[in-house]
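Q: Encoded as structure tokens, here's the structure I'll be asking about.
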Amino acid sequence: MTSTVTSTVTSTLTPEQLAAARLRYEVEGAVATITLDKPEARNAQTPTMWRTLAAIGAQLPDEVRVVVLRGAGATFSAGLDRTLLTPGGGDGQESVADLLAQSDDDISATIDAYQQGFTWLRDPRFVSIAVVHGYAIGAGFQLALSCDLVLAADDAYFCMKEAALGLVPDLTGTKPLVDAVGYPRALEICATARNVGADEAVRIGFALDAVPADQLDTRLADLVTALTAPMVGAVRETKALVLGAAHHDLDTQRRLEREAQSRRFRELAALMAT
């Protein structure tokens, strides 16, 4: 296992911290790649991993235009490390079972901190891509849903497993799932804890594409190239508009479009004047 922060990054995270969280973090030019690096446990997730993901988001260089999230080994992520549900389990640093001794307010605050490892992936400064092969289960599914785009291998399976464990999805996955597939299908997927294959994921709308596993990196490279070709400001403004469109009425959305376009005109005019 390696944990890398390239020399182009001014990082507050040390290689030792990344290793403890079982993450690799690399920045090359405009592309940041985060790899869940616990293949012997199918990249099972821990609170340490979530807190470190949030820290990566907080210190991501402004030059980054695309964030790629993927898993090492044979699968994207099998979800929560089940040993975390028992006292002293998991990576020995923090256990979900410890929440049981806390007040409701403290439980909420702790889960809020965990969720921040997911929510930063929706920042309009960049486009985030989950590259999913094998299984994306529970927290793994929610981590993929936190990204703007899900690129799946044709062997990928997604499952919101929480209901089968007597729990609910609490790592911000319910909203993007409803936004992508609608309320009835999202409820059925979450409440039944069934597997959703890659082809169905594309058909119902939460995955962008499903390709043979040996073509996944080529499809990713093509997508990254296409996303970084336009001017950075245009992509950032477009993501912000699209991200908020479902929550605005038409008049509000029209106003936001006008304001964004005014900013674009001014930047283009400034460039032409130089």
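Every read-out reported here was derived from the displayed coordinates using simple, explicitly stated rules and does not represent laboratory data. Keep in mind it's a predicted model, so treat the numbers as computed, not measured. Backbone-built Cβ (ideal geometry, glycine too); neighbour counts: all protein chains shown.
Q: By the scheme Lys and Arg +1, Asp and Glu -1, what is the net charge of all other residues having a beta-carbon under 14 Å from that of residue 112? Don't skip to the answer; put the middle values down first.
A: Working: positive: 51; negative: 104, 105, 106, 170.
That sum, taken over residues with Cβ under 14 Å, equals -3.
Q: Moving on. Output needed for the stretch 232-273: three equivalent-ellipsoid semi-axes, defined as square roots of 5 times the C-alpha gyration tensor eigenvalues, in descending order, whole Å.
A: Over the Cα atoms of the stretch 232-273, the ellipsoid semi-axes are 23, 11, 4 Å.
Q: May I ask which residue of 48, 147, 66 lies farthest towards the positive end of the charge dipole of the chain, with charges of +1 (Lys, Arg) and -1 (Asp, Glu) on Cβ and the Cα centre as origin?
A: Most positive-ward Cα: 66.
Q: Next up: About its Cα centre, how strong a charge dipole does the stretch 232-273 have in debye, to the nearest 20, once Lys and Arg get +1 and Asp and Glu get -1 at the Cβ?
A: The calculation lands at about 140 debye.
Q: Could you compute how fast the stretch 127-209 diffuses translationally, taking Rh as the Kirkwood radius over C-alpha pairs and applying Stokes-Einstein at 10 °C with viscosity 1.306 mPa s? Give it in µm² per second.
A: Stokes-Einstein gives a translational diffusion coefficient of 130 µm²/s.
Q: Using Cα springs under 10 Å in a Gaussian network model of the chain, which residue among 83, 252, 35 shows the largest mean-square fluctuation?
A: Looking only at 83, 252, 35, the largest GNM fluctuation is found for 252.
Q: Next question. Suppose a student asked you for the relative contact order of the chain, using Cα pairs under 8 Å spaced at least 6 residues apart; what percent would you report?
A: It rounds to 14 percent for the chain.
Q: Still on this structure, I have one more. Among 68, 242, which comes first, second and so on when ranked by fewest other beta-carbon atoms within 10 Å?
A: On the way: 68 21, 242 11.
Ordered by Cβ neighbours within 10 Å, fewest first: 242, 68.
Q: If you rank 247, 133 by fewest surrounding Cβ atoms within 10 Å, what's the result?
A: Fewest-to-most Cβ neighbours within 10 Å comes out as 247, 133.
Q: What does the charge dipole of the chain about its Cα centre add up to, to the nearest 20 debye, if the Cβ of each Lys and Arg holds +1 and the Cβ of each Asp and Glu holds -1?
A: Values: 24 positive and 35 negative charges, 117 e Å.
It works out to roughly 560 debye.
Q: Once you have the alpha carbon radius of gyration of the stretch 134-274, what is it after dividing by 2.2 N^0.38 Å, with N set to its residue count?
A: The stretch 134-274 yields a ratio of 1.27.
Q: For residue 178 and residue 264 in the same chain, what is the full-extension length gain: residue separation times 0.36 nm, less their Cα-Cα distance, in nm?
A: Net length gain for the segment: 27.8 nm.
Q: Please check: in the Gaussian network model of the chain (C-alpha springs, under 10 Å), which one of 125, 254, 185 has the largest mean-square fluctuation.
A: 254
Q: Moving on. Which Cα, out of 246, 268, 234, lies furthest along the positive dipole direction of the stretch 222-274 (beta carbon charges, K/R +1, D/E -1)?
A: Farthest towards the positive end: 268.
Q: Run the paramagnetic zone check for residue 272: 7 angstrom along Cα to Cβ, then residues of the stretch 236-262 with backbone nitrogen under 15 Å.
A: Only 262 pass the distance filter.
Q: For the chain, go through all pairs of different Cα atoms, get the mean of 1/r, take its inverse, and jot down that Kirkwood value in Å. Don't jump to the answer; show the numbers that get you there.
A: Numbers: mean 1/r = 0.0511 Å⁻¹.
After inverting the mean inverse Cα-Cα distance, the result is 19.6 Å.
Q: Still on this structure: Which of 246, 164, 58 moves the most in a Gaussian network model of the chain with Cα springs under 10 Å?
A: Most flexible of the set in this elastic network: 246.
Q: Something else: Within the stretch 171-200, name every residue whose backbone N is under 18 Å away from a label modeled 7 Å from Cα of residue 247 along the Cβ vector.
A: Counting only backbone N, you get 171-183.
Q: Among 160, 231, which comes first, second and so on when ranked by fewest other beta-carbon atoms within 10 Å?
A: Exposure proxy ranking, most exposed first: 231, 160.
Q: Along its three principal axes, how long is the stretch 202-274 when you only count alpha carbons? Whole Å, largest extent first please.
A: Computed over the Cα atoms, the extents are 45, 37, 10 Å.
Q: Can I ask one more? Near the amide H of residue 156, under 5 Å away, which other amide H atoms are found, from residues 5 or more places off or on another chain, if H is placed in the peptide plane?
A: 134, 198
Q: Another question about this same structure. What number does the stretch 13-94 give for Rg over Rh if you use C-alpha atoms and the Kirkwood radius? Don't skip to the end; give the middle numbers.
A: Details: Rg = 13.1 Å, Rh = 13.2 Å.
Across the stretch 13-94, the Cα-based Rg/Rh ratio is 0.99.
Q: Can you compute the helix-only [θ] at 222 nm over the chain? Use -39500 (n - 2.57) per DSSP H run of at least 4 residues, normalise by all residues, nearest 500 deg cm²/dmol.
A: Details: 10 runs with 118 residues, N = 274.
Calculated from helices alone, the mean residue ellipticity at 222 nm is -13500 deg cm²/dmol.
Q: By a straight-distance test (C-alpha under 18 Å), which aspartates and glutamates pair with residue 161 as possible cross-link partners, with residues fewer than eight away in the same chain excluded?
A: Once the sequence-local aspartates and glutamates are set aside, what remains near residue 161 is 81, 170, 188, 200.
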